[in-house]
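The values are calculated or read from the model by the stated rules, or taken from the named source; none is laboratory data. Since this is a predicted model, take the numbers as computed values, not measurements. Heads up, the Cβs are rebuilt from the backbone with ideal geometry, glycines too, and the neighbour counts pull from every protein chain shown. Accessible surface is based on the protein model in full, side chains and every heavy atom, while ligands, DNA and RNA are left aside. Shrake-Rupley method; radii C 1.70, N 1.55, O 1.52, S 1.80 Å.
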Amino acid sequence: MQYLRENFVHPPVDYEEELLEAIRMGNEQGAKEALGKINELEAAVLAVYPLRSKKNALIASCTLFTRAIIKGGVNPEIAFHLSDKIILDIEKIGDVERLVQFEYEMLVQFVSVVRREQEELPYSHLVNLAIYYIRQNIFADLSLPEIAAHLNVNPSYLSDRFGRETGMSLTHYVNSRKIEESKHMLLYTNRPISEIAFTFKFCSQSYYTQLFKKFTGMTPRQFRTSRAQLSASS
């Protein structure tokens, strides 16, 4: 086993990047082809027993796929719920051949979520691009001029198109997405609320709290506490 570890050559980074990019774009055929090229190569040994080694490899891939679909615009909470479910499914499988088959099934599940997310955007190409950019850069200090510059359009034009098609201002959409994404950190981490506010580039904790209450009807602390109590009672 030590010999295998010392002499194993990992797949080219290009293969992995090709696979993750295909997943991010919802390209099922491209993702399958990229995974096929990777699986033609010798697999890494990640545990003493082959079954455990293959499970570890699939769990590692599941983590990478999760990050890829988040970059593709999928809500992180949805992505992480899918990841949790798939990892549980991986652990239930009792033979290597079934795991090999399940790897492709797992791939299709992740791609399907991206496709569904893309299909749920009934807007013009420009507005869809703006939304994709916001989702992919949710931790950045997003502003109308910055987004317009990325899309190479006039800020006023983008603002007008976005408002007419979505029924809300671009700033309102950015704030609503940041609040929605921050819920995951409130629920699944112990990070201080001030740190979460900073992560999403809100100017202060008080402003983050103000916006959170505007969108949810409760403060971040109330949200975290209520969900924790709900989980404890279920």
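Take the range 142-158 and flag every residue that is closer than 11 Å to Leu126 by Cα and over 26 Å from the mean Cα position of the chain (by Cα). Scanning the range 142-158 gives Val153, Tyr157. Any chance the range 167-184 includes a residue that's farther than 17 Å from Pro76 by Cβ, of a type in the set (Phe, Trp, Tyr) and part of a helix (DSSP H, G or I)? Checked against the condition, which is being farther than 17 Å from Pro76 by Cβ, of a type in the set (Phe, Trp, Tyr) and part of a helix (DSSP H, G or I), the range 167-184 yields no hits at all.
Yes or no: the range 185-201 includes at least one residue that is open to solvent by less than 70 Å² (accessible area, probe 1.4 Å) and of a type in the set (Asp, Glu). No, the range 185-201 contains no residue that is open to solvent by less than 70 Å² (accessible area, probe 1.4 Å) and of a type in the set (Asp, Glu). Test Ala130 against the criterion of being crowded, with 19+ Cβ neighbours inside 10 Å, of a type in the set (A, V, I, L, M, F, W, C), without any contact (Cβ under 8 Å) to a residue 24 or more places away in the chain and touching a helix residue (DSSP H, G or I) at 6+ places or on another chain (Cβ under 9 Å), and give yes or no. Judged against the criteria, Ala130 is not a match. Checking the structure you have, find out if any residue of the range 108-124 is modelled with pLDDT of 90 or more, under 22 Å from Asn137 (Cβ atoms) and surrounded by fewer than 16 Cβ atoms within 10 Å (Cβ to Cβ). No.
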